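S.K.: My questions will all concern the structure given below.
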Amino acid sequence: MSNCFEQNINTNHMEEKIPDELVNTNYLHKYKFEQTLPKLVKKLKNKKVILYGAGSFLALIIKNFDLSGLNIIGVADKRFLNHEENENWNGFKVYSIEEMKKAKPDYVLVATKFYINIIEDLYYNVLKDTKIKVKPLMKKPLITLLKEIWE
């Protein structure tokens with residue numbers, strides 16, 4: 001396996017056990033996240049980013065990958081609807097879904113394994129009438145996406 005999976009950038013969470021860690025690590029490896037992350041960092045240079053989906057999948061990515069090349073201004077999730085002021089999750093400021101617009105990121109990167117419906121909802125409902133772009137954090141081949149839609 002790639003060194004990216006063995007490298008632990010975020011020392012605050014080094015010992016923390018993440019649910020489905022092995023399954024999600026294999027998933028990231030299968031879709032070559034370690035190769036696409038540097039391309040994403042280059043593409044989004046100097047762009048403000050909010051990561052969407054504060055779950056075990058994103059926790060694993062934060063634990064095992066250096067995301068410092070992305071200008072991440074926070075993490076959003078529906079579970080942060082009634083969050084405390086200045087609350088953070090894995091070292092990032094939290095936003096409710098409604099607060100994402102006010103934060104004015106250039107991009108919202110959806111950090112979930114199955115993201116088609118989430119991207120659609122964010123694009124057509126939550127972030128409608130904004131210039132905020134919604135993209136997946138981890139890309140998958142088109143054929144894989146089509147299978148997920150039709151299954």
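S.K.: Taking the stated definitions as given, is residue 28 in contact with a Leu (Cβ under 8 Å, 6 or more places away or on another chain), modelled with pLDDT of 95 or more and of a type outside the set (Lys, Arg)?
M.R.: no
S.K.: Here are some conditions: (1) surrounded by fewer than 19 Cβ atoms within 10 Å (Cβ to Cβ); (2) over 19 Å from residue 106 (Cα atoms); (3) out of contact with any helix residue (DSSP H, G or I) (no Cβ under 9 Å at 6 or more places or on another chain). Residue 56 meets all but one. Which one does it not meet?
M.R.: (3)
S.K.: Moving on. Among the numbered criteria (1) outside any helix (DSSP H, G or I); (2) in contact (Cβ under 8 Å) with a residue 60 or more places away in the chain, which single criterion is violated by residue 83?
M.R.: Only one criterion in (1) outside any helix (DSSP H, G or I); (2) in contact (Cβ under 8 Å) with a residue 60 or more places away in the chain is unmet by residue 83, namely (2).
S.K.: Scan the range 67-76 and tell me whether some residue there is in contact with a Cys (Cβ under 9 Å, 6 or more places away or on another chain), buried (at least 16 other Cβ atoms within 10 Å of the Cβ), in contact (Cβ under 8 Å) with a residue 12 or more places away in the chain and of a type in the set (A, V, I, L, M, F, W, C).
M.R.: No, the range 67-76 contains no residue that is in contact with a Cys (Cβ under 9 Å, 6 or more places away or on another chain), buried (at least 16 other Cβ atoms within 10 Å of the Cβ), in contact (Cβ under 8 Å) with a residue 12 or more places away in the chain and of a type in the set (A, V, I, L, M, F, W, C).
S.K.: Any chance you could count how many residues in the range 102-144 are basic (Lys, Arg) and touching a residue at least 60 places away in the same chain (Cβ under 8 Å)?
M.R.: Number of matching residues: 3.
S.K.: Run residue 29 past the list (1) assigned to a helix (DSSP H, G or I); (2) in contact with a strand residue (DSSP E or B) (Cβ under 7 Å, 6 or more places away or on another chain) and report the number of the one that doesn't hold.
M.R.: Looking at each condition in turn, residue 29 falls short on (2).
S.K.: Another question about this same structure. Those residues that are in contact with a helix residue (DSSP H, G or I) (Cβ under 6 Å, 6 or more places away or on another chain) and more than 12 Å from residue 33 (Cα to Cα), I need them from the range 134-148; list them, please.
M.R.: 134
S.K.: What number of residues in the range 93-151 are more than 21 Å from residue 82 (Cβ to Cβ), under 16 Å from the mean Cα position of the chain (by Cα) and either assigned to a strand (DSSP E or B) or of a type in the set (Lys, Arg) (or both)?
M.R.: 10
S.K.: Here are some residues: 61, 18, 50. Which one is modelled with pLDDT under 95, hydrophobic (A, V, I, L, M, F, W, C) and within 17 Å of the chain's Cα centre (by Cα)?
M.R.: Being modelled with pLDDT under 95, hydrophobic (A, V, I, L, M, F, W, C) and within 17 Å of the chain's Cα centre (by Cα) holds for just one of 61, 18, 50, which is 18.
The values are calculated or read from the model by the stated rules, or taken from the named source; none is laboratory data. Treat the numbers as computed from the prediction; the structure is a model and nothing was measured. As a convention, Cβ positions derive from the backbone with ideal geometry for all residues, glycine included, and neighbour counts pool all protein chains shown.
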